[in-house]
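Novice: I have a structure I would like to understand better, so I am pasting it below and will then ask my questions one at a time.
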Amino acid sequence: MKSIIAVDLPQNAYKVMIAPDALDHVGGWLADHQKPLVPTGQKLLVVSNPVIFRHYGDRLVQSLTAAGYQVSTCLLPAGERYKTLRSIQKIHDAAYQAKLERKSAMVALGGGVIGDMTGFAAATWLRGIGVVQIPTSLLAMVDASIGGKTGVNHPHGKNLIGAFHQPRLVVIDPNVLKTLPAREFRAGMAEVIKYGIIWDAALFETLTQAPRLDQYRYVSGELLQTILTRSCQAKAEVVAQDEKEAGLRAILNYGHTIGHAVESATGYRTVNHGEAVAIGMIAAGRLATTLQLWPAAAEQRQTELIAKAKLPSQIPPNAETERLIALLQADKKVEAGRVRFILPKAIADVFITDQVTDNDIRPVLAAMTNP
């Protein structure tokens, strides 16, 4: 099974390659004789974390060196709390030591944190060099690796520092999910469910009919390929219509507005990103029902699907309601002091609004907070 998805951008078009054992073909795909994505003989800096690199680093490096590239590595700690400018400095230091040039590239091997940081480092080294995304978590595969959003967190908010920097290539090897912890697999499923809610009703139905969604071992290879392909296709279609989030692309933030606030309020230690997005989707669904924007039955279907993936639906007790409301004002999507929410009208139909008040959201958040 192999899927190739085109991200059709006018200036920065690229492909997403989805195939079992794709890790062994990265070098050949980059060095394509008809149109090399990175000239052969160039220097490449592989950025990863120690755990992922121990599992898959040697295979990747072997693939790259066999294709004629000069490979250096930079290993960083895993975790959202390390997604800082200090980590970017370490990548820049490694780039300097490796003597990367303008035609060189960085290769991100890891989850969304590694992908975001590597992309931002590449965007800012020598005013921008190439980056290749090789996501190793389900969440990064279906979301963070596609679309060119890169960046790091600021002490006062998530992803406040960053740049748009599209990759040269995205390579997705479903087999690497075998070593992904079950909790991280569930986190990625939150983003998959998101695509069903905002864009792809057929994907939503497929997920609804699946026996289980909470662990890799319960998802068949065929279903996993479908999940990856349809999710990446949804992301590619939205990004192709709105590369830099001037309008439509904001719908990809469904569940993220409140989700980011929950992550920040809990110091990025209590819930992971996917869990926070699941909480955010539950909140957005309840808010939409309260405002009579979609049927209660649709909200129930969303809630049941999130529960099937064994994702949380309650806000942790250390994320106080008033703290969350204050954090919403620091969100990147605030315009003229108004928070923009993405709310559902039906399955696969959402819209963007800045008409939600604190008084609308406060009772929803309070009701969702664990006692």
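Novice: Would you check which residues across region 236-275 are surrounded by fewer than 18 Cβ atoms within 10 Å (Cβ to Cβ), of a type outside the set (A, V, I, L, M, F, W, C) and in a helix (DSSP H, G or I) and list them?
Specialist: E237, Q241
Novice: Can I ask one more? Among the residues of region 1-36, write down those that are under 20 Å from L177 (Cβ atoms), at pLDDT 95 or above, of a type in the set (D, E, K, R) and in contact with a strand residue (DSSP E or B) (Cβ under 9 Å, 6 or more places away or on another chain).
Specialist: Those that are under 20 Å from L177 (Cβ atoms), at pLDDT 95 or above, of a type in the set (D, E, K, R) and in contact with a strand residue (DSSP E or B) (Cβ under 9 Å, 6 or more places away or on another chain): none in region 1-36.
Novice: Please work out which one of (1) modelled with pLDDT of 95 or more; (2) surrounded by 16 or more Cβ atoms within 10 Å (Cβ to Cβ) is the condition Q314 fails and give its number.
Specialist: Going through (1) modelled with pLDDT of 95 or more; (2) surrounded by 16 or more Cβ atoms within 10 Å (Cβ to Cβ) one by one, Q314 breaks only (2).
Novice: Going by the conditions given, is I161 more than 20 Å from V26 (Cβ to Cβ) and either at pLDDT below 95 or surrounded by 21 or more Cβ atoms within 10 Å (Cβ to Cβ) (or both)?
Specialist: Working: more than 20 Å from V26 (Cβ to Cβ): yes; either at pLDDT below 95 or surrounded by 21 or more Cβ atoms within 10 Å (Cβ to Cβ) (or both): yes.
The answer is yes for I161.
Novice: Separate question: Looking only at region 182-214, filter to residues that are at pLDDT 95 or above, in a loop (DSSP other than H, G, I, E, B) and not small (G, A, S); which one of those is farthest from A31 (Cα to Cα)?
Specialist: R212
Novice: Okay, moving on. Which of the residues belonging to region 204-222 are farther than 21 Å from D173 by Cβ and under 20 Å from the mean Cα position of the chain (by Cα)? It would help to see each step written out before you state the result.
Specialist: First, the residues of region 204-222 that are farther than 21 Å from D173 by Cβ: 204-212, 214.
F204, L207, D214, listed by residue number.
Novice: Shifting gears a bit: Determine which single condition K99 fails, assuming it passes every other condition in (1) of a type in the set (D, E, K, R); (2) within 22 Å of the chain's Cα centre (by Cα); (3) on the phi > 0 side of the Ramachandran plot.
Specialist: (2)
Novice: Okay, moving on. Out of L177, L223, which single residue is surrounded by fewer than 19 Cβ atoms within 10 Å (Cβ to Cβ), of a type in the set (A, V, I, L, M, F, W, C) and not in a strand (DSSP E or B)? It would help to see each step written out before you state the result.
Specialist: On the way: L177 fails: surrounded by fewer than 19 Cβ atoms within 10 Å (Cβ to Cβ).
Answer to the check: L223.
The values are calculated or read from the model by the stated rules, or taken from the named source; none is laboratory data. Worth saying up front: this structure is predicted, and the values here are computed from it rather than measured. Ideal geometry is used to build each Cβ from the backbone, glycine not excepted, and the neighbour counts take in all protein chains shown.
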